[in-house]
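Taking it in order: structure first as structure tokens, then the write-up.
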Amino acid sequence: MDVKPQFRVLVVDDDPTICKLLTAKLKFSGFMSQSCTSGEDALKILSKEKFDAIISDLNMPGISGLDLLAATRRIVPHTAFLMATGVSDVSVGVTAMKQGAADYLLKPFQMEAVVVSLRRALEMKRMEAELAEYRQHLENMVEQRTKQLKSAMHRIELTYDETLEALAAALDLRDNDTAGHSQRVTLYSLEMAKRLNFSGDEHKQLERGAYLHDIGKIGIPDAILLKPGKLTPEETAIMQTHVRIGYELTSRVAFLSVAAQIVLTHQECFNGGGYPQGLKGEEIPLGARIFAVADTLDAIMSDRPYRRGRPYSVARAEIERESGRQFDPEVVKVFLSIPEETWVKIRSQASETRTELRHKSADHPALNGGSGGIGGALDLAAQAG
Ligand SMILES: [Fe+2]
């Protein structure tokens, strides 16, 4: 016989003669076979030993064939189950198949039919196991690839953010008045966004938008950008184009498309008096409405060539006064709910980060020098300020 002898079959029948006869015939056909005369015994044996197939009688006192089938589907689902029935029980045999039996065998047994049925059931189980293994392999592979992809995405995100920081720092460097300004307004904005329940993604977009809000100033001539005195109406008009230039620059970059909206609308006023579109109220993205408050807070508290930075109380009074005019009253409410210490702490944290980066740039030649990395850019920006 060509059946591999390692297949183990458990015969369960309350008639010991049938058990004896069937195990002998199965052994003769090349199977390893063992028998017991009740469902209870079968469950005991199955809890200790592994079988490839079970041939069980349908009608037994105590645990019936159908009960044994249900129990084995739970405890040994990978073992093939064949139900032995009399001719009068064929419909029950079909029921058994619906409940997970691989086949039913008619009594009295015809050994040829039993062997064919067994082989088919074992082959089916083998294929099931192979499929399960393949599926598991695929799942492992997908999981591993997902991890790799996530970590690559994370590295890309970090690179993006470092690039943005460098860009913003380079801009701060050009515009003497605002050394560290981009970083501070970003941190201020995020503090308010946190209290407005921004999602992780909204948070990220606000961070990028705030960092890059004045990126368009790259396109403003020095004579206007750095002019010490008051700008003429023509010069003001040119200066105001920085929001559109910034939008043009950022909206083309896929990962900045939402942040670009903040760049475009960061000079809008809640009452419609801002530029470039004169948007009103909720027409202005929430991120830009938050940014506007952060921008004013930083402008008032920072030194200017012609004056020292003023205390928090001055900024607070100004922001409160402009609630409903320049600023969204809801955002102002959030701003006012945050204690002065928090703003002061953020401000000193921002300057610490810059000092830290300056030291890093001194340690690492790659980061050193005007345009060589964030550290270098921040260093020069700080000197300029
Ligand atoms: Fe601006």
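The values are calculated or read from the model by the stated rules, or taken from the named source; none is laboratory data. Note that the structure is a prediction, hence the values are computed from the model and not measured. Here the Cβ is made from the backbone with ideal geometry for all residues, glycine too, and neighbour counts use every protein chain on show. Ligands, DNA and RNA are excluded from the accessible area calculation, which covers all protein heavy atoms including side chains. Shrake-Rupley method; radii C 1.70, N 1.55, O 1.52, S 1.80 Å.
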**Asked** Where is the GNM fluctuation largest for the chain (alpha-carbon springs, 10 angstrom cutoff): V142, V332, V90?
**Response** V90
**Fill in**
Expressed in angstrom and rounded, the centroid-to-centroid distance over alpha carbons for segment 87-111 and segment 185-220 is 70
**Complete:** When the chain is treated as a Gaussian network with springs between alpha carbons less than 10 Å apart, the largest mean-square fluctuation among G180, G287, G30 is found at G30
**Item:** Highest-first arrangement of 212-219, 154-161, where packing means the average Cβ count within 10 Å
**Value:** 212-219, 154-161
**Asked** Which value, in Å², gives the accessible area per residue of segment 1-137 when a 1.4 Å probe is used on the protein heavy atoms?
**Response** 56
**Complete:** Straight-line reach check, K48, cutoff 16 Å on alpha carbons, 8 or more apart in-chain or any other chain, hits among aspartates and glutamates -> E40
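What's the ranking of 239-252, 221-234 by average number of surrounding C-beta atoms within 10 Å, highest first?
239-252, 221-234
Using a simple charge model, +1 on the beta-carbon of Lys and Arg, -1 on the beta-carbon of Asp and Glu, nothing else, what dipole does segment 8-109 show about its Cα centre, in debye to the nearest 20?
340
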**Message:** Please give me the summed charge of the neighbours of G219: other residues whose Cβ is under 13 Å from its Cβ, Lys and Arg +1, Asp and Glu -1.
**Reply:** -1
**Asked** Here are some pairs, K150/K345; K25/K50; K27/K98; K27/K50; which of them have Cα atoms lying more than 23 Å apart in this structure?
**Response** K150/K345; K27/K98
**With every protein chain in place, segment 206-284: carbon and sulfur % of accessible area (1.4 Å)** = 57
**Asked** How much length is gained if the chain between M141 and Q349 is pulled fully straight, taking 0.36 nm per residue apart and subtracting their Cα-Cα distance, in nm to one decimal?
**Response** 70.6 nm
**Asked** Where does each of 265-275, 119-129 land if you order them by average Cβ count within 10 Å, highest first?
**Response** 265-275, 119-129
**Prompt:** Which entries of K204/K230; K125/K147; K194/K230; K204/K333 show an alpha-carbon separation above 28 angstrom in the structure shown?
**Reply:** K204/K230; K125/K147; K194/K230
**Request:** Taking only Cα atoms and a 10 Å spring cutoff, compute GNM fluctuations for the chain and point out the largest among Q110, Q136, Q261.
**Result:** Q110
**Message:** Using the Cα centre of segment 293-333 as the reference point, and only Cβ charges (+1 on K/R, -1 on D/E), how large is the resulting charge dipole? Debye, rounded to the nearest 20.
**Reply:** 260
